[in-house]
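To start, the structure under review is shown below, and the notes come after it.
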Amino acid sequence: MKANMMQRPKSLQDENQAGGGVNHQAPQNDFEMMFAEDTAIVVVSGNKDSQAKIMKTNNGITKLFGYNTFEVHGHEVNILMPPIIGVKHNYFLDSFFKTGRERIINSEVSSFAMLRAGHIFAISLIVKPVPSLKNDIQYIGLIKPTGKDYDYILTDQYGRIDSISKGITSILQLQPTFFKENEIFI
């Protein structure tokens, strides 16, 4: 997966800031991140029969992604990911269960997430295992936008456009669905 970054024009920066004006300062620790206004908390099942299904969320899911909490419950967590990442997510999980090697768990990683409208944005992600007496194992994901002033085009290894950020839509005057319905290469 490649990410092409473009500096967002000043007018688009102003447009995004007018939508909420949230300060995207990185919290100092996981606990602060958990209660930050612009953090979405997603609890996902680790059970084999319901692997990667969203069990609970906070209101950050609405603020960050545009989904109501009831819309995502029961869906696989990859609904919140660009397709190029989402299609590989179950493979990553299977690899983790087979090897026990933690590549994402207990680490803060940079990645991309996808809005309900189909645009992508850069995020910081922390995933922690949460043992449960009732549901075996669960994972809690803390998702926070990075607040970087870049726009993104995600492509596969062949240069086919997979996903774009809001600013790219403004620049090209093309909706994300255009790239889903057509094979466009850069």
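The values are calculated or read from the model by the stated rules, or taken from the named source; none is laboratory data. Since the structure is predicted, the reported quantities are computational estimates derived from the model, not experimental observations. Ideal geometry is used to build each Cβ from the backbone, glycine not excepted, and the neighbour counts take in all protein chains shown.
Taking first residues from the range 129-145 that are among the basic types (Lys, Arg) and partners that are surrounded by 14 or more Cβ atoms within 10 Å (Cβ to Cβ) and not in a loop (DSSP other than H, G, I, E, B), the Cβ contacts under 7 Å between residues at least 6 apart in sequence or on separate chains come to LYS144/MET33; LYS144/ILE123; LYS144/SER124. If we keep just the residues of the range 93-122 that are in a strand (DSSP E or B), of a type in the set (A, V, I, L, M) and in contact with a helix residue (DSSP H, G or I) (Cβ under 9 Å, 6 or more places away or on another chain), which is surrounded by the fewest Cβ atoms within 10 Å (Cβ to Cβ)? Residue satisfying both the conditions and the ranking: ILE105.
Scan the range 41-58 and give yes if some residue there is closer than 26 Å to LEU133 by Cβ, touching a residue at least 60 places away in the same chain (Cβ under 8 Å) and among the small types (Gly, Ala, Ser), otherwise no. Within the range 41-58, one or more residues are closer than 26 Å to LEU133 by Cβ, touching a residue at least 60 places away in the same chain (Cβ under 8 Å) and among the small types (Gly, Ala, Ser). Within the range 69-84, residues that are touching a residue at least 40 places away in the same chain (Cβ under 8 Å) sit with their Cβ atoms under 9 Å from residues that are acidic (Asp, Glu), at 6+ positions apart or across chains, in these pairs: PRO82/ASP162; PRO83/ASP162; ILE84/ASP156; ILE84/ASP162. Once the range 56-81 is narrowed to residues that are of a type in the set (Ser, Thr, Tyr) and assigned to a helix (DSSP H, G or I), the residue that is farthest from LYS166 (Cα to Cα) is THR69. The one condition from (1) surrounded by 15 or more Cβ atoms within 10 Å (Cβ to Cβ); (2) among the acidic types (Asp, Glu); (3) more than 26 Å from GLY60 (Cα to Cα) that ASP156 does not meet is (1).
On inspection, GLU181 does not qualify as of a type in the set (Asp, Glu) and surrounded by 15 or more Cβ atoms within 10 Å (Cβ to Cβ). Within the range 93-147, restricting attention to residues that are at pLDDT 85 or above and among the aromatic types (Phe, Trp, Tyr), the residue that is nearest to VAL43 (Cα to Cα) is TYR139. Please go through the range 123-147 and pick out each residue that is on the phi < 0 side of the Ramachandran plot, in contact with a His (Cβ under 8 Å, 6 or more places away or on another chain) and not in a strand (DSSP E or B). Once the filter is applied, which keeps residues that are on the phi < 0 side of the Ramachandran plot, in contact with a His (Cβ under 8 Å, 6 or more places away or on another chain) and not in a strand (DSSP E or B), the range 123-147 yields only THR146.
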